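Chemist: Handing you a structure now.
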Amino acid sequence: MKVLIACEESQEVCKAFRAKGHEAYSCDIQMCSGGHPEWHICNDVLDIINGNTDFFTCDGKQHTVETWDMIIAHPPCTYLTNVATRHYSLKCTPAEKVVERMKHREESIVFFMQIVSANAPKIAVENPIGRMNTVLRKADQIIHPYMFSNGPEDSEQFVTKATCLWLKGLPVLRPTYTGGKPDNGKLFGRYSNGKSRTWEETRHSGKDRAKVRSKTFKGIAFAMAEQWGNIKEDNDDNERGV
């Protein structure tokens, strides 16, 4: 299959599909950090998302795709996540900044919908719980990294981090780990009010915080390639439609 991984500089999902023999490309306005520039398109994904186009990968080679068989997208969530809701309140944010954020949020919604509406038979779009659950519809599935980990001993992936998936022509992902969820209080400690700390709050900070937090976990990337990369062309009872 020809697979486009939109808004992905880490190349985790791209590499997982490549390992399964698919012609997968990552695309982002940033240069890739995954080590495979020959699979990366450093460009606005909207220029190529509907296929019928030529493009260059970062090694300078030209490619042609008539139609993408599958698109997996990770559009920016800065202005769409529920965590940012407080920034739209005049109680804590100056009016001019609220107006600016509202403009950016509408732009983010339009970008998200352009991906959802792309010309491809199979589409998966991920984002945290947030605005798109209302603007579009509730997500088809909410997953966490621990659901695709090797259990409590897998310290890098045995964490909670809610990610919504909107699906077209694809079944929901089947968890590869079926044990209990992590206890964040035990793993990361608690605040003075008793609330558990989370993976996002304790593990990453600094200038690369957003990039690190947006990276797809290896277990999820592997599950996408393993499960969606083997889908037959006929319809599946579990397939969803965006």
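Chemist: How about region 155-189: which of its residues are more than 20 Å from Pro128 (Cβ to Cβ) and surrounded by fewer than 17 Cβ atoms within 10 Å (Cβ to Cβ)?
Modeler: Those that are more than 20 Å from Pro128 (Cβ to Cβ) and surrounded by fewer than 17 Cβ atoms within 10 Å (Cβ to Cβ): Ser155, Pro171, Arg174, Thr176, Thr178, Gly179, Gly180, Asp183, Gly185, Lys186, Gly189.
Chemist: Out of the residues in region 11-47 that are β-branched (Val, Ile, Thr) and touching a residue at least 60 places away in the same chain (Cβ under 8 Å), state the one that is surrounded by the fewest Cβ atoms within 10 Å (Cβ to Cβ).
Modeler: Once the filter is applied, the top-ranked residue is Val45.
Chemist: List the residue pairs whose Cβ atoms are under 8 Å apart, where the first residue sits in region 215-235 and is part of a helix (DSSP H, G or I), the second is at pLDDT below 80, and the two are 6 or more positions apart or on different chains.
Modeler: Short answer, once both residue conditions are applied: none.
Chemist: I'd like to know if region 51-69 contains one or more residues that are more than 27 Å from Ala225 (Cβ to Cβ) and modelled with pLDDT under 95.
Modeler: The answer is no; no qualifying residue exists.
Chemist: Name every residue in region 114-124 that is within 9 Å of Trp166 (Cβ to Cβ) and surrounded by fewer than 23 Cβ atoms within 10 Å (Cβ to Cβ), in order of residue number.
Modeler: Listed by number, the list holds a single entry, Val116.
Chemist: Here's something else I'd like to know. Return the total of residues in region 8-52 being touching a helix residue (DSSP H, G or I) at 6+ places or on another chain (Cβ under 7 Å) and more than 19 Å from Ala221 (Cβ to Cβ).
Modeler: Going through region 8-52 one residue at a time, the tally reaches 2.
Chemist: Determine if region 125-137 includes at least one residue that is surrounded by fewer than 16 Cβ atoms within 10 Å (Cβ to Cβ), modelled with pLDDT of 90 or more and among the β-branched types (Val, Ile, Thr).
Modeler: Within region 125-137, none of the residues are surrounded by fewer than 16 Cβ atoms within 10 Å (Cβ to Cβ), modelled with pLDDT of 90 or more and among the β-branched types (Val, Ile, Thr).
The values are calculated or read from the model by the stated rules, or taken from the named source; none is laboratory data. Remember, predicted model here, so these are calculated numbers, not experimental data. Methodologically, a virtual Cβ is constructed for each residue, glycine included, from the backbone with ideal geometry; neighbour enumeration extends over all protein chains shown.
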